[in-house]
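Some notes on the structure that comes next.
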């Protein structure tokens, strides 16, 4: 009787040469010892704290006359001497101007219809305060 031959399959296993294993181990060891230095973070310059602007309120108690408007001109607080700013009429005989735009005292004067100046010298309001006055006009 004939005998059957057993077939065997050969599997080839590649062995890593000893040199490569040693190199790999050395690289892994070196990688553990590496310290990565980060570049220092850029410091943004600190801004000076902004001054908190306080509300300054100027009130005029005056009868401007029917159909007339009261204006204010001055220096600081958003005012200038060349053109007036219309004041807000808050009651029949009261007008107000408010501002947050001043870090200095405000020097001012009232005008009717931005034409007729109030009598007397310029008035002064302190920043963050309320100034109430009763201007007079020579009609």
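The values are calculated or read from the model by the stated rules, or taken from the named source; none is laboratory data. Given the structure is predicted, the values throughout are model-derived calculations rather than measurements. When we count neighbours, we look across all protein chains shown, and the Cβ atoms used for this are built from the backbone with ideal geometry, even at glycine.
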Notebook entry, point to check: What number of residues within the range 101-117 satisfy the criterion of being more than 10 Å from residue 77 (Cα to Cα) and under 27 Å from the mean Cα position of the chain (by Cα)?
Noted result: 0
Check: Applying the selection to the range 77-109, what residues are out of contact with any strand residue (DSSP E or B) (no Cβ under 7 Å at 6 or more places or on another chain) and closer than 17 Å to residue 55 by Cβ?
Finding: 100, 101, 103
Notebook entry, point to check: Out of curiosity, is residue 114 at positive phi and surrounded by fewer than 19 Cβ atoms within 10 Å (Cβ to Cβ)?
Noted result: yes
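Condition check ((1) modelled with pLDDT of 70 or more; (2) assigned to a loop (DSSP other than H, G, I, E, B); (3) exposed (fewer than 10 other Cβ atoms within 10 Å of the Cβ)) across all residues:
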position: 15; (1), (2), (3): no, yes, yes
position: 21; (1), (2), (3): no, no, no
position: 24; (1), (2), (3): yes, no, no
position: 49; (1), (2), (3): no, yes, yes
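For residue 65, indicate whether it is modelled with pLDDT of 75 or more, surrounded by 12 or more Cβ atoms within 10 Å (Cβ to Cβ) and not in a strand (DSSP E or B). Talk me through it step by step, then tell me what you get.
Values: modelled with pLDDT of 75 or more: yes; surrounded by 12 or more Cβ atoms within 10 Å (Cβ to Cβ): yes; not in a strand (DSSP E or B): yes.
Yes, satisfied.
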Check: Just for the range 119-135: of the residues that are without any contact (Cβ under 8 Å) to a residue 40 or more places away in the chain and assigned to a loop (DSSP other than H, G, I, E, B), which one is farthest from residue 66 (Cα to Cα)?
Finding: 121
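Consider residue 74 carefully, then state whether it is touching a residue at least 24 places away in the same chain (Cβ under 8 Å), touching a strand residue (DSSP E or B) at 6+ places or on another chain (Cβ under 8 Å), surrounded by 13 or more Cβ atoms within 10 Å (Cβ to Cβ) and part of a loop (DSSP other than H, G, I, E, B). Working first, answer last.
Values: touching a residue at least 24 places away in the same chain (Cβ under 8 Å): yes; touching a strand residue (DSSP E or B) at 6+ places or on another chain (Cβ under 8 Å): yes; surrounded by 13 or more Cβ atoms within 10 Å (Cβ to Cβ): yes; part of a loop (DSSP other than H, G, I, E, B): no.
Against the criterion (touching a residue at least 24 places away in the same chain (Cβ under 8 Å), touching a strand residue (DSSP E or B) at 6+ places or on another chain (Cβ under 8 Å), surrounded by 13 or more Cβ atoms within 10 Å (Cβ to Cβ) and part of a loop (DSSP other than H, G, I, E, B)), residue 74 does not qualify.
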Next item on the list: For the range 81-92, enumerate the residues that are surrounded by 12 or more Cβ atoms within 10 Å (Cβ to Cβ) and in a loop (DSSP other than H, G, I, E, B).
Entry: 81, 84, 87
Notebook entry, point to check: When the residues of the range 118-134 are filtered to those that are within 38 Å of the chain's Cα centre (by Cα) and surrounded by 15 or more Cβ atoms within 10 Å (Cβ to Cβ), which remaining residue is farthest from residue 59 (Cα to Cα)?
Noted result: 127
